[in-house]
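Structure, as structure tokens:
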Amino acid sequence: NAGVTQTPKFQVLKTGQSMTLQCAQDMNHNSMYWYRQDPGMGLRLIYYSASEGTTDKGEVPNGYNVSRLNKREFSLRLESAAPSQTSVYFCASSLAGGLSGELFFGEGSRLTVL
Amino acid sequence: AQSVTQPDIHITVSEGASLELRCNYSYGATPYLFWYVQSPGQGLQLLLKYFSGDTLVQGIKGFEAEFKRSQSSFNLRKPSVHWSDAAEYFCAVGYSGGGADGLTFGKGTHLIIQP
């Protein structure tokens, strides 16, 4: 059982380049999330999708866009990468969002922007 | 808005010694509380959770946590740590009002195990 799968695991970009982080879950969960993790900052929510067809901003959405492609997949796009977006990105899913609360995480995608 | 504070950035414990990691939360209603562990280069794994009922909850890997409403705390404990417990530990609070906006995480406590 794969759980939450993220690709790519590592990526190096130059300032101004664009890229998309892919996330897929096979647990039939309704809610999906993108977090970023920075040293000393913990995890901060970028965007979330409560259910297929809906997306909402989290704490730090600037510079990012998301697409909930279907129930399984939730992608994160950086249109014009900046060094401040150097981070480790985690996708997570949850059966019923805040009703259950428990999140299942992918292994992370480490992004470096030069 | 809800918030989570983990006062200790780093904690060093000798192998075999007991462990307590502190977590304080700020939230008006009854919280959903979680502890996650992150091993180096890995994603986060759920250790335990509290939704309601018994305030002492048991988790995986021999961990337990106690919810104290009067102190707004949810401290994680383990009687005897093993070298494999070295990791980053995150406390998190969930939105019990039915929203789907995920969890709010503390900044983490880095646990170092001395031989």
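The values are calculated or read from the model by the stated rules, or taken from the named source; none is laboratory data. Just so we're clear, the structure is a prediction, and the values are computed from it rather than from any experiment. Heads up, the Cβs are rebuilt from the backbone with ideal geometry, glycines too, and the neighbour counts pull from every protein chain shown.
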The strands (runs of 3 or more DSSP E) lying wholly within the stretch A:1-76 that contain at least 3 residues that are within 14 Å of chain B (Cβ to nearest Cβ), surrounded by 14 or more Cβ atoms within 10 Å (Cβ to Cβ) and in contact with a Lys or Arg (Cβ under 6 Å, 6 or more places away or on another chain) are A:42-49
Exactly one of A:V113, A:V88 is within 14 Å of chain B (Cβ to nearest Cβ) and either more than 15 Å from A:Y35 (Cα to Cα) or among the hydrophobic types (A, V, I, L, M, F, W, C) (or both), and that one is A:V88
Within the stretch B:30-58, can you find the residues that are more than 12 Å from chain A (Cβ to nearest Cβ) and surrounded by 14 or more Cβ atoms within 10 Å (Cβ to Cβ)? B:V57
Set B:K107, B:K78: member being within 11 Å of another protein chain (Cβ to nearest Cβ) and within 12 Å of the chain's Cα centre (by Cα): B:K107
Could you list all residues from the stretch B:60-74 that are surrounded by 18 or more Cβ atoms within 10 Å (Cβ to Cβ) and either closer than 23 Å to B:A17 by Cβ or touching a residue at least 40 places away in the same chain (Cβ under 8 Å) (or both)? B:F63, B:A65, B:F74
Going through the stretch B:15-32 in order, the residues found to be under 15 Å from the mean Cα position of the chain (by Cα) and aromatic (F, W, Y) are B:Y25, B:Y32
Hey, A:S93 surrounded by 15 or more Cβ atoms within 10 Å (Cβ to Cβ), modelled with pLDDT of 90 or more and outside any loop (DSSP other than H, G, I, E, B) or not: yes
Give the number of residues within the stretch B:5-18 that are crowded, with 18+ Cβ neighbours inside 10 Å and either of a type in the set (F, W, Y) or part of a strand (DSSP E or B) (or both). 1
Pairs where the first residue, in the stretch A:3-15, is more than 11 Å from A:F74 (Cα to Cα) and the second is polar (S, T, N, Q) and assigned to a strand (DSSP E or B), C-beta under 7 Å, 6+ apart: A:G3/A:Q25; A:T7/A:Q22; A:P8/A:S109; A:K9/A:S109; A:Q11/A:S109; A:V12/A:T112
Condition check for B:S70: assigned to a loop (DSSP other than H, G, I, E, B) and modelled with pLDDT under 95: no
